[in-house]
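Participant: Just passing along the structure, written as structure tokens.
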Amino acid sequence: MSVMQKQLRVLTEHNSDGTHNQAAATTLQTKTGWGITTQTNVSASRVVGNVYQNTSGKPMWVRVSASLASQNTFLTALSDGANPPVLKVDEMDTATNGRTITVGFWVLNDHFYKIVAGSTATVGVWVEWN
């Protein structure tokens, strides 16, 4: 695993309290030149099923953790240039109701993104790096 892959892995990991590793974000910025300068917990302002757009001027990494009300269901991330987005970029499923699952994905500048769930989803943490 390359240094950048390791840094990306650390960047996408999160603690149960929603904190993240800012040093990893800084290292990823230096290695890629993407200019990742902010890390924002947007949990309070994001809703599963709504469409959002990345207007930051650069790619953005999004990580969403949610608890699903039903078993044998899914949490899916969609992102592309269409509104609403239709390209599935990540998906996790669960065999246990109430289990927290996580999706993480890149959103290109000016692209749209959306999280959909196969049952009622309670967002634990929704963080965006750009």
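Participant: Suppose the filter is more than 16 Å from the chain's Cα centre (by Cα), of a type in the set (Val, Ile, Thr) and buried (at least 16 other Cβ atoms within 10 Å of the Cβ); does THR120 pass it?
Facilitator: Considered against the rule, which asks whether it is more than 16 Å from the chain's Cα centre (by Cα), of a type in the set (Val, Ile, Thr) and buried (at least 16 other Cβ atoms within 10 Å of the Cβ), THR120 comes out as no.
Participant: Follow-up. Hey, can you tell me all the residues within segment 67-96 that are touching an Asp or Glu at 6+ places or on another chain (Cβ under 6 Å) and without any contact (Cβ under 8 Å) to a residue 12 or more places away in the chain?
Facilitator: Residue satisfying the conditions is LEU87 alone.
Participant: Might you let me know whether segment 97-111 holds any residue that is surrounded by 16 or more Cβ atoms within 10 Å (Cβ to Cβ), of a type in the set (Phe, Trp, Tyr), in contact (Cβ under 8 Å) with a residue 60 or more places away in the chain and closer than 25 Å to THR37 by Cβ?
Facilitator: For segment 97-111, residues surrounded by 16 or more Cβ atoms within 10 Å (Cβ to Cβ), of a type in the set (Phe, Trp, Tyr), in contact (Cβ under 8 Å) with a residue 60 or more places away in the chain and closer than 25 Å to THR37 by Cβ: absent.
Participant: Could you tell me whether any residue of segment 58-65 is of a type in the set (Gly, Ala, Ser), buried (at least 17 other Cβ atoms within 10 Å of the Cβ) and touching a residue at least 60 places away in the same chain (Cβ under 8 Å)?
Facilitator: Yes.
Participant: Got at least one residue in segment 109-129 being closer than 16 Å to SER43 by Cα and in contact with a His (Cβ under 7 Å, 6 or more places away or on another chain)?
Facilitator: Yes, some residue in segment 109-129 is closer than 16 Å to SER43 by Cα and in contact with a His (Cβ under 7 Å, 6 or more places away or on another chain).
Values quoted throughout were computed directly from the atomic coordinates according to the rules given, and no laboratory measurement underlies them. A quick note: this is a predicted structure, and the numbers were derived from the prediction, not measured. Here the Cβ is made from the backbone with ideal geometry for all residues, glycine too, and neighbour counts use every protein chain on show.
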